[in-house]
Amino acid sequence: MSDAPISMDKVEPTAPPRSQWADIWDQFKSHRGAMWGAGIFLFIVLMVLFGPYVYWNDPQHVPTGRDFLNLRDTRPIYTALWDGDAKVNWLYPLGTDNLGRDILGRLLIGGRISLAVGMAAMVLSVVLGTLIGVLAGYFRLLDGPLMRLTDLFLALPLLPLLLVAVLLFRDRLANMFGPEGGTFILIVTLVGITSWMQTARIVRGDVLALKEREFILAARSIGTSPTKMILRHLLPNVMSPIMVSATLGIATAIITESALSFLGFGFPPDFPTWGKLLFDAVDRMELYPERVLWPGLLISLTVLSVNYVGDGLRDALDPRIRGR
Amino acid sequence: MLTYTIRRLVLSVPTLLFISFVIFMLLELAPGDPLAGMPLTIPDEVKAKMREALGVGQPFYIAFPKWLYQFFVVEPLFMIDAIFGTSFGGDTQRVLSWQTRSPVMDIVFQRLPQTLWVVGTAYVVAILIALPIGIYSAYRQYSWFDNAGTFVTMVGFSVPPFFSGVLVIVIFSVQLGWFPSIYDTTHRVTDWASFRVQLQQMVMPVMVLALQITSQLSRFMRASMLDNLNQDYVRTARAKGLGEKTVVLVHVLRNSLIPVVTVIAIGIPSIFGGAIITEQVFKVNGIGQLLITAIQANDLPMVQTLTFIFAILIVLFNLIADILYGILDPRIRYE
């Protein structure tokens, strides 16, 4: 190669090489809403993870005797700002409920369950959606049946069916895994198997487009097996839509769980989740609006921040937008 | 187009059959017993007769076709009877609710007006708000109006109706006392004063539902407008000297409305689903509330019928959306 017009070692790169993920991070950083969303979501996650270890009140402790009368229905400390006679207690920053249980502690514990349900259901739905999408996109034989199945699931009235299914299987699973574990498995499974359709459709479309590319042809011509093909060549290239639907999936799962709890079809009583706390407080919201506001605010804030992260991620992962 | 419509209609029959079968089999598993509330003094043989009369315990290959026949043949006949005063139905067996022992469809038609009033108004209000917001946000992309609009739609997206509903109750009926927190369905509109009361009680449920729908629609409208604003035909229209108003509101708007119209059509059934929660919050005794009480009371025929009605609505409006798309967009031609 002595007569090559340009010798490669003379050309100095103007900037150090950058990885794809550095580019994505740069684009993501420039989206202000997404950065705020990521920060708030991280804060909420850390708070519910470590808060209960730091916080001094036991969320499930029900005071008895005179303590009960002294402690029940304590208002949040900030009510003292406008109502001097309000019953407040510095040890109970957000007050207590009608049984004297600490509200902040219950919010922290409840957040753990709400977020755990959201994440677990998201993982299930993304795995299902990716599996079905890749199979339908890669194997032509499976495409028709799997996509008809997706259409069928999209045509099901989901909320009514979720309610019916909770009613049907709650007792059976509660016998097998205990009331909390059973409900957790039930809700995660139900939310997971009713929310994979969008992911499957997007992944299938992307796989169909990728299949026509040269590198797939090259891989096939050296005899790559279908499993290797999917794992090594297809999946890494459809990661970005999967990541976006994963973030948005957390939001949907949290909302669905809270909606089920709100309608009285969620976790058993005295087992706090944000939706359940909201539901329990509705009857007395005229006297104690804070018991409705805090869980509701936390649900909305979590979902809002997750949605913003998803929005920013979509922009950051789209090479057409990135770098503009 | 006609052949496409007919083919889709024919194809939707197996879809609906399958969905009804899924719903039916799911409910077959239900542990509930319609005679659980009966006195224990009733002898067993009488109980067995009562079960037989209610059609409980039949194998599914008898019960399912029977239910299909009742739903698709008997109930429409009774509907025709009710409208035209005929008597095709005669004394055939109808789908009976286990709760009230009266025909399910009668109860559904009693509850339907409330749902339609609230949900329908909310949908119209949402469309009227969402379209202008979407158009202006896209036209002035990244202006303060667009940013504020994006934030508000994000919030509307993220705040679930069971919180926004409770929030407006706390603000507008507890603190300010402007509107009643409970929707009174027995209220009759007879004069201006009662019409005002009706409007007042509708404001909050409509507001909550409309916020949700507006945020989805206006985002969609904005995206669709943005797609079209950079097209060549827009430049051509401007180049030949058309006014800005004509360019945006006639040329761009008409083209961007095509996908939005189909989204509006697809959204109609999901609004019935979303209304379940809103109805529960404001105690509107519409279809959603009927479904919840039926599920809690183990009233399987009622649950079955209602879920199936929801499924029919979804399939029907998906079909309508596809056909609308074909009619509105001449580039799309179905074989």
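Note on the range A:53-163: enclosed helices (runs of 4 or more DSSP H) holding 3 or more residues that are touching a helix residue (DSSP H, G or I) at 6+ places or on another chain (Cβ under 9 Å) are A:103-138, A:140-155.
Within the range A:218-230, not a single residue is closer than 25 Å to B:Met25 by Cα and aliphatic (A, V, I, L, M). Here B:Ser224, B:Ser164 are screened, and the one residue that is surrounded by 15 or more Cβ atoms within 10 Å (Cβ to Cβ), in a helix (DSSP H, G or I) and within 14 Å of another protein chain (Cβ to nearest Cβ) is B:Ser164.
If the condition is being crowded, with 22+ Cβ neighbours inside 10 Å and away from every other protein chain (no Cβ under 11 Å), then the range A:270-293 contributes A:Pro272, A:Thr273, A:Lys276, A:Leu277. Considering every residue within the range B:297-318, establish whether at least one is more than 19 Å from B:Arg140 (Cβ to Cβ), away from chain A (no Cβ under 12 Å) and surrounded by fewer than 21 Cβ atoms within 10 Å (Cβ to Cβ). No, the range B:297-318 has no match at all.
Answer yes or no as to whether B:Thr262 is more than 12 Å from chain A (Cβ to nearest Cβ) and either over 19 Å from B:Gln99 (Cβ atoms) or among the polar types (S, T, N, Q) (or both). Give the steps one after another, and end with the answer.
On the way: more than 12 Å from chain A (Cβ to nearest Cβ): yes; either over 19 Å from B:Gln99 (Cβ atoms) or among the polar types (S, T, N, Q) (or both): yes.
When the stated conditions are applied, B:Thr262 passes them.
Mind listing whichever residues of the range A:247-269 are closer than 10 Å to A:Val306 by Cα and more than 11 Å from every other protein chain (Cβ to nearest Cβ)? Answer for the range A:247-269, where residues must be closer than 10 Å to A:Val306 by Cα and more than 11 Å from every other protein chain (Cβ to nearest Cβ): A:Thr247, A:Gly249, A:Ile250.
Flag set for B:Ala297, criterion: over 18 Å from the mean Cα position of the chain (by Cα) and of a type in the set (Gly, Ala, Ser). Under the condition of being farther than 16 Å from B:Phe157 by Cα, of a type in the set (A, V, I, L, M, F, W, C) and crowded, with 24+ Cβ neighbours inside 10 Å, the residues counted in the range A:242-262 number 2. Taking the stated definitions as given, is B:Asn285 more than 14 Å from chain A (Cβ to nearest Cβ), modelled with pLDDT of 85 or more and surrounded by fewer than 23 Cβ atoms within 10 Å (Cβ to Cβ)? Judged against the criteria, B:Asn285 is not a match.
The values are calculated or read from the model by the stated rules, or taken from the named source; none is laboratory data. From a predicted model like this one, the values you see are computed outputs, not experimental measurements. Note: ideal-geometry Cβ built from the backbone for every residue, glycine included; neighbour counts use all protein chains shown.
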